[in-house]
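Only one structure is covered here, and it is reproduced in the block below.
The values are calculated or read from the model by the stated rules, or taken from the named source; none is laboratory data. Bear in mind that the values here come from a model prediction, so they are computed numbers and not experimental data. Backbone-built Cβ (ideal geometry, glycine too); neighbour counts: all protein chains shown.
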Amino acid sequence: MSSAVIDVHTHMLSDAWVAALREHGAPRYSLKTVRGGLEAIHLDGAPFMTPVPGMFDYDARIRMMDNAGIDVSIISLTCPNVFWGGEEVSSRTAAMMNDTFRAAQGRYAGRIQWFATLPWQYPARAVAELARARQMGAVGVMVLANIDGAHLTDEKFAPVWQAIDDAALPVLVHPSAPPGVAAMDMVRFQLTASIGFTFDTSLAVARMIYDGFLDRYPNLKIIASHGGGALPFLIGRMDQCFHNIPACREKIELEPSDYLRRIYVDSVVFRQDVLEMCVRQVGSMNVLYGSDYPHTIGDVYNTLAQVDALPDGVRDRVRGGNAQRIFRL
């Protein structure tokens with residue numbers, strides 16, 4: 001294999017971030033022990049993210065990358081990001097994480113790149129932090145699929161999206177616990193991880209498509225986590241609704257499937273046939289290698305093996321060629 005491997009979906013935390021969440025996350029966020037003995041972050045009583053040692057250990061990350069044959073990891077903060085604690089806490093924690101990521105980029109030169117963390121709830125602060133993060137070397141922006149329950153297409157976020165669009169930056173749309181986790185009883189079986197996350201992303205990107213978002217921000221490079229959630233499977237239904245339900249044509253003239261081919265997706269889908277479906281639905285130029293390391297259900301080696309099993313040409317694009325292009329690496 002001659003092409004570089006670039007992991008676009010991989011996370012790191014810091015002890016300071018966990019301490020800030022523990023202090024300022026109440027009443028909605030808490031850290032409690034779950035079945036198996038690990039401490040998980042809960043939203044409204046439902047566990048949805050489990051910090052693990054690999055999220056704090058950069059040396060272990062580099063050893064893993066060497067063992068797996070990963071050349072570059074583009075790291076990001078995972079959920080619940082900094083969407084808690086009020087304006088000062090959120091802004092300060094975002095800046096702290098960006099400083100942490102910049103330090104890692106400098107320490108592991110050529111191996112670590114990073115997505116900027118922004119206090120999206122406070123657009124003026126978010127735009128200012130984006131400018132600072134770009135100056136420090138951020139190659140993209142990370143956002144959760146809902147911002148404390150607000151939709152990404154909400155008009156209040158328009159200044160942030162405009163700044164990102166002006167810079168033509170990639171944006172990793174990563175799920176969080178979807179609104180209503182308690183009402184949907186996602187505590188039982190920890191359904192947030194298996195089902196809730198994928199539909200959080202699906203709803204967010206479907207709204208972008210129907211809302212004409214990609215027409216308003218033509219330079220955006222949206223990366224929909226976990227293979228685009230359920231969208232590759234549901235895009236035919238979205239087209240059918242477009243043709244038969246007037247509300248679905250309110251803001252767009254093209255079929256949703258046309259817009260889906262403007263979306264990038266990662267390879268965190270865990271099955272070869274599902275990865276191949278993603279390639280068919282969004283095109284081989286729009287699929288990117290991702291591992292979800294070091295989350296408990298992340299899988300560095302099998303996700304890369306599935307990418308390597310793609311046909312020649314397609315394989316090299318997904319391994320790293322597409323990421324090199326859109327991140328300008």
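Against the condition out of contact with any Asp or Glu (no Cβ under 7 Å at 6 or more places or on another chain), farther than 22 Å from Arg35 by Cβ, among the acidic types (Asp, Glu) and buried (at least 23 other Cβ atoms within 10 Å of the Cβ), how does Asp200 come out, does it pass?
yes
Any residue at all in the stretch 186-194 that is surrounded by 17 or more Cβ atoms within 10 Å (Cβ to Cβ) and modelled with pLDDT of 95 or more?
No, the conditions are met nowhere in the stretch 186-194.
Select from the stretch 90-107 the residues that are among the hydrophobic types (A, V, I, L, M, F, W, C) and in contact (Cβ under 8 Å) with a residue 24 or more places away in the chain and write down the one among them that is farthest from Arg132 (Cα to Cα).
Ala104
Between Ala4, Ala19, Ala26, which is free of Cβ contacts under 8 Å to residues at least 60 places away in the same chain, assigned to a loop (DSSP other than H, G, I, E, B) and surrounded by fewer than 21 Cβ atoms within 10 Å (Cβ to Cβ)?
Only one candidate passes the filter, namely Ala26.
Looking at Ile297 and the list (1) crowded, with 16+ Cβ neighbours inside 10 Å; (2) out of contact with any Gly (no Cβ under 9 Å at 6 or more places or on another chain); (3) outside any helix (DSSP H, G or I), which single condition is not satisfied?
Of (1) crowded, with 16+ Cβ neighbours inside 10 Å; (2) out of contact with any Gly (no Cβ under 9 Å at 6 or more places or on another chain); (3) outside any helix (DSSP H, G or I), only one is false for Ile297: (1).
Since Trp84 meets every condition but one in (1) buried (at least 19 other Cβ atoms within 10 Å of the Cβ); (2) aromatic (Phe, Trp, Tyr); (3) more than 20 Å from the chain's Cα centre (by Cα), which condition does it not meet?
Trp84 satisfies every listed condition except (3).
Filter the stretch 207-262 for residues that are surrounded by fewer than 16 Cβ atoms within 10 Å (Cβ to Cβ) and of a type in the set (Gly, Ala, Ser); which is farthest from Ile195 (Cα to Cα)?
Ala247
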